[in-house]
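Structure first, then comments.
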Amino acid sequence: MEFEILGNKDTRSGFGEGLHELGQKNGNVVALCADLTGSLKMNAFENDFPERFFQVGIAEANMMGMAAGLTIGGKIPFTGTFANFSTGRVYDQIRQSIAYSKKNVKICASHAGLTLGEDGATHQILEDIGLMKMLPNMTVIVPADFNQTKQATIAIADHEGPVYLRFGRPVMPIFVKPDAKFVIGKADVLAEGTDVTIIACGHLVWKSIEAIKILAEKGIKAELINMHTIKPLDAAAILKSVEKTGCVVTAEEHMKNGGLGDSVAQVLASKMPTPQEYVGVNDTFGESGDPMELMTKYGIDTADVVKAAERVIARKA
């Protein structure tokens with residue numbers, strides 16, 4: 001299957017455009033930022049809707065509390081800061097003030113994973129999907145490109161309840177059609193195959209697109225699923241694909257522990273035990289460096305998806 005590249009842009013810009021469009025459509029949408037307006041691409045919303053924008057400064061815990069309070073008056077707050085500060089720094093506030101009471105807060109997190117790059121290990125959170133998916137009432141979404149991030153941002157405004165939306169900093173190819181329909185909890189099958197299922201999220205979807213082309217040259221027909229919603233997980237899509245292929249690779253810019261791979265493994269262990277290989281960061285912190293070089297060093301690049309597919313096919317055989 002050929003994938004048309006529609007351009008190249010960072011996913012955080014998709015969030016910014018989606019948020020601005022929501023501002024035009026829905027007067028209840030408000031935005032809060034922790035001193036990173038430019039980095040989160042929230043400038044357009046701030047400029048056009050200043051009465052609905054709150055710059056809270058470097059006070060992320062207060063931001064979550066404020067967001068929870070705003071929902072009581074019927075507002076739909078979108079919080080914006082780096083993924084590390086959106087989750088690890090404020091886990092208690094999210095758990096107690098947002099998830100426990102099912103507050104309608106949209107926690108929007110940029111600069112996730114290793115591809116934050118030069119800012120290094122203290123900012124490169126690799127455990128945030130696990131932190132958020134374990135919270136009752138929380139929906140977790142990791143879109144694949146600029147267009148899908150914009151679509152997801154718009155879609156979560158209509159979803160009642162807390163959401164964690166995770167996106168990134170680097171410029172990546174755009175392959176999702178601008179008019180594609182984004183359905184929370186419904187995976188997208190990007191390519192059909194019979195030899196191996198590859199389930200990916202975020203930046204690893206593009207890496208997996210590159211990988212299935214290489215696998216095809218080797219005579220391996222891979223099925224590729226863009227699992228943009230980690231919770232609720234589309235178990236039906238997983239089982240339908242794996243029943244056909246008999247083995248699976250999961251690929252994510254996250255720890256192997258606690259992320260997409262573990263969610264898929266839970267489904268398979270209880271419904272259809274299947275050989276599985278993980279492409280993810282192996283129980284380590286990151287470091288400062290070029291984003292793409294870090295992906296290679298830490299084992300979450302195109303070649304790693306290819307090797308994992310070959311390993312799992314061998315196990316199936």
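The values are calculated or read from the model by the stated rules, or taken from the named source; none is laboratory data. Remember, predicted model here, so these are calculated numbers, not experimental data. Neighbour counts are summed over all protein chains in view; Cβ atoms, including those assigned to glycine, are modelled from backbone coordinates with ideal geometry.
Within segment 132-149, if we keep just the residues that are touching a Leu at 6+ places or on another chain (Cβ under 9 Å) and closer than 16 Å to F175 by Cβ, the residue that is surrounded by the fewest Cβ atoms within 10 Å (Cβ to Cβ) turns out to be N147. Here G18 meets each of (1) more than 25 Å from E127 (Cα to Cα); (2) of a type in the set (G, A, S); (3) surrounded by fewer than 21 Cβ atoms within 10 Å (Cβ to Cβ) with one exception, condition (3).
What residue, of E17, E51, E60, is among the acidic types (D, E) and without any contact (Cβ under 8 Å) to a residue 12 or more places away in the chain? Exactly one residue qualifies, and that residue is E51.
Considering only residues that are out of contact with any strand residue (DSSP E or B) (no Cβ under 9 Å at 6 or more places or on another chain) and hydroxyl-bearing (S, T, Y), which ones fall in segment 56-115? Correct list: Y91, S97, Y100, S101.
Here the strands (runs of 3 or more DSSP E) wholly within segment 160-205 that include at least 1 residues being more than 16 Å from A237 (Cα to Cα) and touching a strand residue (DSSP E or B) at 6+ places or on another chain (Cβ under 8 Å) are 163-166, 171-173. Counting only residues that are within 25 Å of the chain's Cα centre (by Cα) and in a loop (DSSP other than H, G, I, E, B), which one in segment 212-228 is nearest to V142 (Cα to Cα)? Ranking the qualifying residues of segment 212-228, first place goes to H228. Is one or more of the residues making up segment 74-97 farther than 25 Å from I129 by Cβ, modelled with pLDDT of 95 or more, charged (D, E, K, R) and not in a helix (DSSP H, G or I)? Within segment 74-97, one or more residues are farther than 25 Å from I129 by Cβ, modelled with pLDDT of 95 or more, charged (D, E, K, R) and not in a helix (DSSP H, G or I). F285 satisfies every condition listed in (1) free of Cβ contacts under 8 Å to residues at least 24 places away in the same chain; (2) under 22 Å from M132 (Cα atoms); (3) surrounded by fewer than 22 Cβ atoms within 10 Å (Cβ to Cβ) except (1). Screening V279 against (1) touching a residue at least 40 places away in the same chain (Cβ under 8 Å); (2) in contact with a helix residue (DSSP H, G or I) (Cβ under 7 Å, 6 or more places away or on another chain); (3) in a loop (DSSP other than H, G, I, E, B) leaves a single unmet condition, (3).
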